[in-house]
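Enquirer: The following block contains the structure, expressed as structure tokens.
The values are calculated or read from the model by the stated rules, or taken from the named source; none is laboratory data. Bear in mind that the values here come from a model prediction, so they are computed numbers and not experimental data. With ideal geometry, Cβ positions are generated from the backbone for all residues, glycine too; neighbour counts draw on all protein chains shown. Ligands, DNA and RNA are stripped out before the accessible areas are found, and what is left, the full protein with its side chains, is counted by its heavy atoms. Shrake-Rupley method; radii C 1.70, N 1.55, O 1.52, S 1.80 Å.
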Amino acid sequence: MLSNSCAACHGTDGNSPGAIPTLHGKSAAFIDRALREFRSGERESTVMGRHATGYSDEEIALIAEYFAGLK
């Protein structure tokens, strides 16, 4: 359910249909760190910072594990 908001831009399987970065093949650690950096403002963004602020640490971990687990 949490990944649904990611799918519009990053693709349902993490393979982006366009210029948005692909999540497929990225490790859970990479995705988790990126989302936390977007949330804190440490990593610059146009949209992701606003999305990431809506997630708790647990939700970020679940999203990261989901995308990292896709084959």
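Enquirer: What are the residues in the range 44-57 that are assigned to a loop (DSSP other than H, G, I, E, B) and over 20 Å from ALA68 (Cα atoms), if any? Even if it seems obvious, please write down each step before you answer.
Expert: So the first thing to find is which residues in the range 44-57 are assigned to a loop (DSSP other than H, G, I, E, B), and the list is 44-47, 53-56.
The answer is GLU44, SER45, THR46, VAL47, THR53, GLY54.
Enquirer: Now for a separate question. Can you name the residue in the range 1-22 that is over 15 Å from LEU70 (Cα atoms), outside any loop (DSSP other than H, G, I, E, B) and among the hydrophobic types (A, V, I, L, M, F, W, C) and is also modelled with the lowest pLDDT among such residues?
Expert: Of the range 1-22, the ones over 15 Å from LEU70 (Cα atoms) are 5, 8-9, 17-21.
Now drop any that are not outside any loop (DSSP other than H, G, I, E, B), which leaves 5, 8-9.
Okay, now just the ones that are also among the hydrophobic types (A, V, I, L, M, F, W, C), so 8-9.
Details: ALA8: 89, CYS9: 92.
Only one residue fits best here, namely ALA8.
Enquirer: Same structure, new question: How many residues does the range 3-19 hold that are more than 12 Å from the chain's Cα centre (by Cα), open to solvent by 70 Å² or more (accessible area, probe 1.4 Å) and among the small types (Gly, Ala, Ser)?
Expert: The number of residues fulfilling the criteria is 1.
Enquirer: Which of the residues belonging to the range 58-71 are touching a helix residue (DSSP H, G or I) at 6+ places or on another chain (Cβ under 9 Å) and in a loop (DSSP other than H, G, I, E, B)?
Expert: Once the filter is applied, which keeps residues that are touching a helix residue (DSSP H, G or I) at 6+ places or on another chain (Cβ under 9 Å) and in a loop (DSSP other than H, G, I, E, B), the range 58-71 yields only GLY69.
Enquirer: If LEU35 passes every condition in (1) under 10 Å from the mean Cα position of the chain (by Cα); (2) in a loop (DSSP other than H, G, I, E, B) but one, which one does it miss?
Expert: The one condition LEU35 does not meet is (2).
Enquirer: State yes or no: is GLY25 on the phi > 0 side of the Ramachandran plot, among the small types (Gly, Ala, Ser), part of a loop (DSSP other than H, G, I, E, B) and surrounded by fewer than 14 Cβ atoms within 10 Å (Cβ to Cβ)? Break it down into steps so the answer makes sense when it comes.
Expert: Numbers: on the phi > 0 side of the Ramachandran plot: yes; among the small types (Gly, Ala, Ser): yes; part of a loop (DSSP other than H, G, I, E, B): yes; surrounded by fewer than 14 Cβ atoms within 10 Å (Cβ to Cβ): yes.
Criteria met by GLY25.
Enquirer: While we're here: Give the residues of the range 36-55 that are among the hydroxyl-bearing types (Ser, Thr, Tyr) and either more than 16 Å from CYS6 (Cα to Cα) or loosely packed, with under 11 Cβ neighbours inside 10 Å (or both), sorted by residue number.
Expert: If the condition is that a residue be among the hydroxyl-bearing types (Ser, Thr, Tyr) and either more than 16 Å from CYS6 (Cα to Cα) or loosely packed, with under 11 Cβ neighbours inside 10 Å (or both), then SER40, THR46 are the ones that fit.
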